[in-house]
Every structure is written in structure tokens, then in C-alpha cells.
Amino acid sequence: MAAERGLSIPLVYNCGGYESMQTLKVLEDIVDIYMPDIKYSDNEIARRYSGAPSYWDVVRPAVQEMFRQVGDLNIDEQGIARRGLLIRHLVLPNRLAGSRAVLDFIAGNVSINSYVNIMDQFRPAYRSIHYPELSRTIKTKEFSEVVDYAYTIGLRRGFEWQCRVLN
């Protein structure tokens, strides 16, 4: 209704990636930009830390469906994102996110031109004290390994600034 009345800004769907196909089908032709997280590449890790069994089995087809609907992120000449997919991935201590598998999935099953925001801001909070492996921030080396790997496999959109900062 808002679009019919002249709203012309991109509609962004910010989500955890753990979306049902039914929800995504309803959003088709409504959402301009999908901004999902891909948090983990292992179902057991996702169940343990987020209570999300089958996370890896759900997030992969969900992100592929998002990409089918909107394609690679399109940024206009003013630097404004207009349509597409922007994937976020938070690097966790001790490689718990399975970042290499996440990046391999994106490069091989979504698009090599995907915008991937590789994030380094994990801060232990809430119940992380119960999980010693999550009780610290990530090390610079852990983050650099993920960014370097993304670059090595050809994922270069959306994190060029990270590569410049680290080099």
C-alpha cells in the first residue's frame, strides 16, 4: 500500500537467516534487500549456542531463495543499495562459526559476487560464561584468517575495506 502511495525507498528485511520457505514466498516482490546472517555451518553448534536445531539445513536454502528473489546487491551511483542480498557473518572464537564452510557455501551455491559483511564484533555476554570456548572476544588472527580465506576463494565484494585495513 505504501508503494502505491509513492514510497520509493528500498525495503530491507533484516533477519537471522533461519527463515521458512513459506515466509520467504510471502515476502517475494515485497522485499528489495535481504540482509540475513549466516551464523553457523554446523547444526550441533547452532543447537548448542542458539537453540536452533537444523540451522545449517534451514539457512542454506533460505539464503538461496533470497538470492533467487533479489540477486546480487545493486548499489547505485550515489552508493545507495537498491536491491539484492547482503549476507552478514560473525566470526566466533575458536572457529565455532565454521566460517570457511559458510564462505564456501556462499561462493559455490549463492554467488561469487555476493556482498559479505564479515564481522569481528563478537562480545561474550549473557550465558557465554557457561561456555568457556565463547568466553572471549575473537583474536585479530582469527578474523584475518576468515577475511583472507574469503578473498582467496574469490569473494571480494563487501569486504574490500576490511582487506585494506588489515593489510
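Within the range 70-81, the only residue that satisfies the criterion of being under 16 Å from the mean Cα position of the chain (by Cα) and either surrounded by fewer than 12 Cβ atoms within 10 Å (Cβ to Cβ) or part of a helix (DSSP H, G or I) (or both) is 70. Filtering the range 30-44 to residues that are more than 13 Å from the chain's Cα centre (by Cα), in contact (Cβ under 8 Å) with a residue 24 or more places away in the chain and over 18 Å from residue 131 (Cβ atoms) leaves 31, 32. When residue 144 is tested against (1) over 18 Å from the mean Cα position of the chain (by Cα); (2) farther than 19 Å from residue 42 by Cβ, only condition (1) is not met. Scanning the range 115-141 for residues that are assigned to a helix (DSSP H, G or I) and of a type in the set (S, T, N, Q) returns 128, 140. The set of residues from the range 100-118 being closer than 21 Å to residue 51 by Cβ and either surrounded by 20 or more Cβ atoms within 10 Å (Cβ to Cβ) or at pLDDT below 95 (or both) comprises just one member, 102.
Table: residues versus (1) touching a residue at least 24 places away in the same chain (Cβ under 8 Å); (2) out of contact with any helix residue (DSSP H, G or I) (no Cβ under 7 Å at 6 or more places or on another chain); (3) in a loop (DSSP other than H, G, I, E, B).
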| position | (1), (2), (3) |
| --- | --- |
| 46 | no, no, no |
| 58 | yes, yes, no |
| 86 | yes, yes, no |
| 104 | yes, yes, no |
| 107 | yes, yes, no |
| 113 | yes, yes, yes |
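The values are calculated or read from the model by the stated rules, or taken from the named source; none is laboratory data. Everything quoted here is computed from the prediction, not taken from an experiment. Don't worry about glycine lacking a Cβ; one is built from the backbone with ideal geometry, like all the others, and counts go over all protein chains shown.
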